[in-house]
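Asks: Following this message is one structure expressed as structure tokens.
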Ligand SMILES: *Cc1c(COP(=O)(O)O)cnc(C)c1O
């Protein structure tokens, strides 16, 4: 079977599994594996990404999911982590040392932002923050010989701003990393642009059912093996059960992404025409300020829509309370439509001015579109918009 000939949706269905044997993935719960003799045990103990030695070093079910993601990303190798943050901290702390320098963006997932603002300084790792959209600033911030890592999140969560993958892939010297969680490999493939590593929170759309906490790192084999060496010491190993759920989820990634993106585009259009809404951030909309870049590097706008209410914090809370179908919950990429008000939820630990500095308004809402019939979600959103309208 020549899998390279298939479309990405088909590849997601087949990835990580052989053509023979059970169609459903196998779950291997074992944390220890017996060796044939001393020489065999010695071989296993030092083999990178070993899956038949000890659970923290690797596990067949966990590695099957990592391999599937590697296939979808066009990567030589991949490893899993216990969460998206496990993957990100493995990359950052596994690659950087005292005196290292990281270039990253201001508009980051809240956990990643904390890692760069609170943990890195404690270890003497310098961090320069630039605006995600400002390609010139990315290039100018890289210090040849000093910068170890360039860490990008595109689209950014929750503002859905984009970084130019072509420009980033062309940066020579430091290791370039893209957190591609918001896109999934069906929408963009950063490694195709020359980026070194791609990381995912597989907790989100890759597993897609809100039943796995999981991260992945994919890229060139030597880099991934080096990171694996650090990961086994850090100990943020992934659960076999969660990886098994993720392997099952991956099979339906194509149809899930299709429905979520279609619903997102429809909702973004409705929001754009509503007077209670000040601005809509959706890369799939023609009026998105980075539409040209989105069309160049993304197959669609993605499953999340972010927007800002004219009526600020109060309007956002009224909207959220008036929804009946959408859940008020963190996370994204699952079967149910989820709504997040960053100012009171994921970014509540920041002061309003700090939120404003990273592009998060007090009346900002991020919706992760689910798999509902589009008429049901749009009806729910339209009636909640009317309720929020009274606040503006
Ligand atoms: C959720 C998320 C993470 C962190 O993933 P966890 O699985 O929650 O640790 C990192 N980056 C992005 C863009 C995310 O959305």
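Asks: For the stretch 37-136, which strands (runs of 3 or more DSSP E) that fit wholly inside it have 3 or more residues that are surrounded by fewer than 24 Cβ atoms within 10 Å (Cβ to Cβ) and away from the ligand (no atom under 16 Å from the Cβ)?
Replies: Here the list reads 126-130.
Asks: Considering each residue of the stretch 209-240, count those that are crowded, with 19+ Cβ neighbours inside 10 Å, closer than 25 Å to residue 257 by Cα and either away from the ligand (no atom under 11 Å from the Cβ) or modelled with pLDDT under 95 (or both), and give that number.
Replies: The total comes to 6.
Asks: Test residue 206 against the stated conditions and say whether it is assigned to a helix (DSSP H, G or I), within 16 Å of the ligand (Cβ to nearest atom), within 17 Å of the chain's Cα centre (by Cα) and closer than 16 Å to residue 64 by Cα. Walk me through it before giving the result.
Replies: Numbers: assigned to a helix (DSSP H, G or I): no; within 16 Å of the ligand (Cβ to nearest atom): yes; within 17 Å of the chain's Cα centre (by Cα): yes; closer than 16 Å to residue 64 by Cα: yes.
In short, no.
Asks: Of the numbered conditions (1) outside any loop (DSSP other than H, G, I, E, B); (2) buried (at least 18 other Cβ atoms within 10 Å of the Cβ); (3) outside the structural domain of residue 210 (by TED's automatic domain parsing), residue 243 fails exactly one; give the number of that condition.
Replies: (3)
Asks: Check 27, 23 and return the single one that is touching a residue at least 60 places away in the same chain (Cβ under 8 Å), assigned by TED's automatic domain parsing to the domain that holds residue 232 and either assigned to a loop (DSSP other than H, G, I, E, B) or in contact with a helix residue (DSSP H, G or I) (Cβ under 9 Å, 6 or more places away or on another chain) (or both). Walk me through it before giving the result.
Replies: Numbers: 23 fails: touching a residue at least 60 places away in the same chain (Cβ under 8 Å).
Of 27, 23, the one residue that is touching a residue at least 60 places away in the same chain (Cβ under 8 Å), assigned by TED's automatic domain parsing to the domain that holds residue 232 and either assigned to a loop (DSSP other than H, G, I, E, B) or in contact with a helix residue (DSSP H, G or I) (Cβ under 9 Å, 6 or more places away or on another chain) (or both) is 27.
Asks: State yes or no: is residue 330 within 15 Å of the ligand (Cβ to nearest atom) and either in a helix (DSSP H, G or I) or not assigned by TED's automatic domain parsing to the domain that holds residue 214 (or both)?
Replies: yes
Asks: Checking residue 177 against (1) within 28 Å of residue 241 (Cβ to Cβ); (2) part of a loop (DSSP other than H, G, I, E, B); (3) away from the ligand (no atom under 11 Å from the Cβ); (4) touching a strand residue (DSSP E or B) at 6+ places or on another chain (Cβ under 8 Å), which single condition isn't satisfied?
Replies: Against the list (1) within 28 Å of residue 241 (Cβ to Cβ); (2) part of a loop (DSSP other than H, G, I, E, B); (3) away from the ligand (no atom under 11 Å from the Cβ); (4) touching a strand residue (DSSP E or B) at 6+ places or on another chain (Cβ under 8 Å), residue 177 comes up short only on (2).
Asks: Further, regarding this structure: Looking at 299, 329, can you tell me which residue is under 23 Å from residue 180 (Cβ atoms) and free of Cβ contacts under 8 Å to residues at least 12 places away in the same chain?
Replies: 329
The values are calculated or read from the model by the stated rules, or taken from the named source; none is laboratory data. Note that the coordinates shown come from a computational prediction; the quantities given were computed from them, not determined experimentally. With ideal geometry, Cβ positions are generated from the backbone for all residues, glycine too; neighbour counts draw on all protein chains shown.
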